[in-house]
Amino acid sequence: MRDVKNYEVFLKSHEMVLEIYNLTNKFPALERETLGNQLRDSASSIPIALINSNYRKSSVFFDYIRKALEGKERLEYFLLLSKELKILDQNKWEKLYEQLTVISKMLVGIYKRKNGAKSGSDN
């Protein structure tokens, strides 16, 4: 049985959630309640999807990995929006975008490895 809380991708995505929470707490009041909520929800959807994948059958496991990737896409957009609205400076955006890219590569790698193993066993 897998415990995704020990996966590096979970640890990195959780770390990013903490950064997003700290960052959005410093947003102006209106943005903290609107864009800040979107950023926090998107960021936390990644580790939550991973947790929900625990102890699931392989076919359902892939659905949760896809959900984590969807959360990553939403977070990427809200980070871009924050940068373009000048709520987030370029340096902070680059740092978060790099972290998100690493998380994304890990998620895709898990999906490909697990899906490849599943496809190979169906033959």
Could you check Glu73 against (1) under 18 Å from Lys5 (Cβ atoms); (2) free of Cβ contacts under 8 Å to residues at least 12 places away in the same chain; (3) within 18 Å of the chain's Cα centre (by Cα) and say which number it fails? (1)
Look at Glu19 and say whether it is under 14 Å from Ser104 (Cα atoms), among the acidic types (Asp, Glu), under 13 Å from the mean Cα position of the chain (by Cα) and at pLDDT 95 or above. no
Output for Cβ contacts, cut-off 7 Å, separation at least six or different chains, first residue over 17 Å from Ala29 (Cα atoms) in the stretch 78-89, second part of a loop (DSSP other than H, G, I, E, B), reads Leu79/Leu88
Let me confirm something: among Ser58, Ser13, Ser119, which residue is at pLDDT 95 or above and either among the hydroxyl-bearing types (Ser, Thr, Tyr) or on the phi < 0 side of the Ramachandran plot (or both)? Ser13
Need the failing condition index for Glu70 against (1) surrounded by fewer than 17 Cβ atoms within 10 Å (Cβ to Cβ); (2) under 20 Å from Lys114 (Cβ atoms); (3) at pLDDT below 95, just the number. (3)
Can you tell me which condition Thr101 does not meet? The list is (1) touching a residue at least 12 places away in the same chain (Cβ under 8 Å); (2) assigned to a helix (DSSP H, G or I); (3) not hydrophobic (A, V, I, L, M, F, W, C), and all the others hold. (1)
Unique residue being more than 16 Å from the chain's Cα centre (by Cα), under 20 Å from Arg32 (Cβ atoms) and assigned to a helix (DSSP H, G or I) when the list is Leu96, Leu81, Leu88: Leu81
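Go through Arg32, Arg40 for me and flag whichever is of a type in the set (Lys, Arg), in contact (Cβ under 8 Å) with a residue 12 or more places away in the chain, closer than 18 Å to Asp89 by Cα and part of a helix (DSSP H, G or I).
Values: Arg32 fails: in contact (Cβ under 8 Å) with a residue 12 or more places away in the chain.
Residue meeting the stated conditions: Arg40.
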Scan the stretch 73-86 for residues that are surrounded by 14 or more Cβ atoms within 10 Å (Cβ to Cβ) and of a type outside the set (A, V, I, L, M) and report the count. 5
Can you find, within the stretch 54-65, the residue that is nearest to the chain's Cα centre (by Cα) among those that are surrounded by 13 or more Cβ atoms within 10 Å (Cβ to Cβ) and in contact (Cβ under 8 Å) with a residue 24 or more places away in the chain? Ile65
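Return yes when Leu107 is within 13 Å of Val17 (Cα to Cα), surrounded by 12 or more Cβ atoms within 10 Å (Cβ to Cβ), within 14 Å of the chain's Cα centre (by Cα) and not polar (S, T, N, Q) and no when it is not.
Numbers: within 13 Å of Val17 (Cα to Cα): no; surrounded by 12 or more Cβ atoms within 10 Å (Cβ to Cβ): yes; within 14 Å of the chain's Cα centre (by Cα): yes; not polar (S, T, N, Q): yes.
When the stated conditions are applied, Leu107 does not pass them.
The values are calculated or read from the model by the stated rules, or taken from the named source; none is laboratory data. Computed from a predicted structure; not experimentally measured. Cβ sites come from the backbone with ideal geometry, for glycine too, and all protein chains shown count toward neighbours.
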